1. Report yes if some residue within the stretch B:256-274 is within 20 Å of B:D169 (Cα to Cα) and open to solvent by 10 Å² or more (accessible area, probe 1.4 Å); otherwise report no.
2. Could you list all residues from the stretch A:292-301 that are at the interface with another protein chain (Cβ under 10 Å from one of its Cβ atoms) and open to solvent by 20 Å² or more (accessible area, probe 1.4 Å)?
3. Which residues, taken from the stretch A:162-174, are under 27 Å from A:A210 (Cα atoms) and assigned to a loop (DSSP other than H, G, I, E, B)?
4. Just the residues that are buried (at least 22 other Cβ atoms within 10 Å of the Cβ) and in contact with an Asp or Glu (Cβ under 8 Å, 6 or more places away or on another chain), please, taken from the stretch B:139-150.
5. If you go through the stretch A:15-52, how many residues are away from DNA strand D (no atom under 12 Å from the Cβ) and either away from chain B (no Cβ under 14 Å) or in contact (Cβ under 8 Å) with a residue 24 or more places away in the chain (or both)?
6. Looking at the stretch A:111-138, which of its residues are open to solvent by 50 Å² or more (accessible area, probe 1.4 Å) and not acidic (D, E)?
7. What are the residues in the stretch A:190-208 that are open to solvent by 30 Å² or more (accessible area, probe 1.4 Å) and part of a loop (DSSP other than H, G, I, E, B), if any?
8. State the number of residues belonging to the stretch B:140-160 that are within 29 Å of B:D281 (Cβ to Cβ) and touching a helix residue (DSSP H, G or I) at 6+ places or on another chain (Cβ under 7 Å).
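The values are calculated or read from the model by the stated rules, or taken from the named source; none is laboratory data. All values derive from a computational prediction rather than experimental measurement. Ideal geometry is used to build each Cβ from the backbone, glycine not excepted, and the neighbour counts take in all protein chains shown. Accessible surface is based on the protein model in full, side chains and every heavy atom, while ligands, DNA and RNA are left aside. Shrake-Rupley method; radii C 1.70, N 1.55, O 1.52, S 1.80 Å.
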There are 2 protein chains.
Amino acid sequence: MSPPKDHRFRRRVTAWDVARAAGVNQSVVSRAFNAGSRVAPETRERLLAIAKELGYAPNALARGLLTGRTRLIGITTVQINSEISSRLLQNLGLGLLSVDLHPLLLPLSPQGVLADEIHRLFTFDVDALVLVSAAISPALVEACTAWGRPVILLNRVAPGHRLHSIRTDDYGGGRLAAQHLLERGAQSLAFVSGPADATNVQARRDGFFAAAEAAGQPPPRIVAGDFAYPSGVVAGRTLLGGPGRPDAVFCANDVMALGLMDVARELGIRIPGDLQVVGFDDITAASFAGYSLTTLRHDLDIVAAETVALLADLQRDGEASLVDRVVSARLIDRRSTHDL
Amino acid sequence: MSPPKDHRFRRRVTAWDVARAAGVNQSVVSRAFNAGSRVAPETRERLLAIAKELGYAPNALARGLLTGRTRLIGITTVQINSEISSRLLQNLGLGLLSVDLHPLLLPLSPQGVLADEIHRLFTFDVDALVLVSAAISPALVEACTAWGRPVILLNRVAPGHRLHSIRTDDYGGGRLAAQHLLERGAQSLAFVSGPADATNVQARRDGFFAAAEAAGQPPPRIVAGDFAYPSGVVAGRTLLGGPGRPDAVFCANDVMALGLMDVARELGIRIPGDLQVVGFDDITAASFAGYSLTTLRHDLDIVAAETVALLADLQRDGEASLVDRVVSARLIDRRSTHDL
DNA sequence: CTGAAAGCGCTTACAG
DNA sequence: CTGAAAGCGCTTACAG
């Protein structure tokens, strides 16, 4: 086989250049860069040195095309800019790099339809897919199934499908919230909800209600929210402005809880004296001195680490038995439920 | 040329399958998928229909290998989990997809050395590189220069090098902060700084000091910070706890300003009556009712849009003249400097 | 307009 | 242990 002709667009340093400089066949260069291959140790060292000098490194695309393993992991996420998603993405990305896997991103606007866009990742031949906090539509499940490679859902579930799932225990977190509030003497509970299509919000609510019922409480009052700060303010005005004010509120996320706390401050309602508040997420602002919000913490490093471990296994073994890992949420006890 | 044999690892649907099903040559299938190529319109339609049925789409890796354009854009960022970085990443990613470019992520831990890791992106043959708020070391500049393809710095500069730069006007923002505070009657200014290696912090400080001097003020007092909330609290205690308390503070970012405001609240110092505060970034929490922080807003959508436009140009033309775009920061006037 | 062929940069059986 | 060759899935001159 002969060395390649000049490239149309640009000239890269290739294995042929190294081979020529070393006076060996190109395939030997390839072997020098593949741990498993038989090469004379001194040959390998010599080739590696020449490669370094020439600035050569194997082209990952060509390798991927040939081996069927691109080491590319498709990651798709709506709202990278939410604190939880972005922290998860950071942890995940760092973990992937540590096992020589590379995140190819497919960010989606909230209005975007994932099932339509997902094919972009397929054309790049990603080895696996990680869906971060994305809504899982039937069309999406179908596309993933037809695709035939591993898919991991983060903080979402799609029961009855061959999709791996790694997630925070939202139900357990909801239970903890109710138990904690009741232990501290709460008499009338309320819940501020999130977007209707987020399956994890439902789980948080269900856990909260179940624990309340188990303690002999009537069903908590529910106020709608959409995860954003202003909806927490609105919920606060609704719950705290009129008669029948609850003495304990569990918000489906922290940001809304902060809005509700700001309303309480405005109305002169003392926290935790007159009102206890619990959030979910443990965002940075929850620990600010001005709030000190008790909340349920996602263990995102665990979620990320488990995801990376699973992906590394899949690279080795091709397939793995279906994973459904639930990471428990931890209650972070702060002043919004707890006087110093 | 004959159709390929069975693949070692898995069988994809290829252009050959479509060609066989349609009774044409594989090259015709390729042309059907390339807008610029001559194919009989009816042939194209027929092929597209068959492709759809078979679930065929051209493999982006093979295409990239051949054309020298992968449509992959390397994006590297330290701390995706900071609100500004993650919002920038979200905007950027969305913009890239809209021009059929794909973000390959290289996240870095704060201790990570970018110059060492950057080669990973080179092996994937990315068409260009975008560095988000990364420290630009000489080694990094050298690696990028040797690589020879376009590099865009976001919110950083590296004067004297062939690296494009698109950034917020930090200096101008610093000036605006000082002017705004002085207009509102501030008598003694202070500045809470950020990490020493962030070039944008220096620019904010320089602008702030320059405008103070231009107004005949003595140089503001400086307190060190590191961008994190606790350092804002410490700065607050330092500045507000002792004698010679300033009546106006400009913080290098919002998070520290919030820490300082929480200290003021604790000490019973009224904002803006006794103390005016200005931040930088306009993070979500700055607009919370409990803070209502006046701040300088990055126009991240503009930064992202300009970046995408530049990358799209580069795809078309190969090279472009060096871009150094400065996007002005906008003062967002809230209650921390302004009674209702 | 379509077909046959070369080639992108690599990996991996297959000989020797 | 090394060389020669085939092939991953595509694009693009080159003929006809």
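1. no
2. If the condition is that a residue be at the interface with another protein chain (Cβ under 10 Å from one of its Cβ atoms) and open to solvent by 20 Å² or more (accessible area, probe 1.4 Å), then no residue fits.
3. Within the stretch A:162-174, just A:D169 meets the criteria.
4. B:P150
5. Number satisfying all stated conditions: 8.
6. Passing the criteria: A:Q111, A:V113, A:H119, A:R120, A:A135, A:P138.
7. Within the stretch A:190-208, A:P195, A:A196, A:D197 qualify.
8. Within the stretch B:140-160, residues that are within 29 Å of B:D281 (Cβ to Cβ) and touching a helix residue (DSSP H, G or I) at 6+ places or on another chain (Cβ under 7 Å) number 9.
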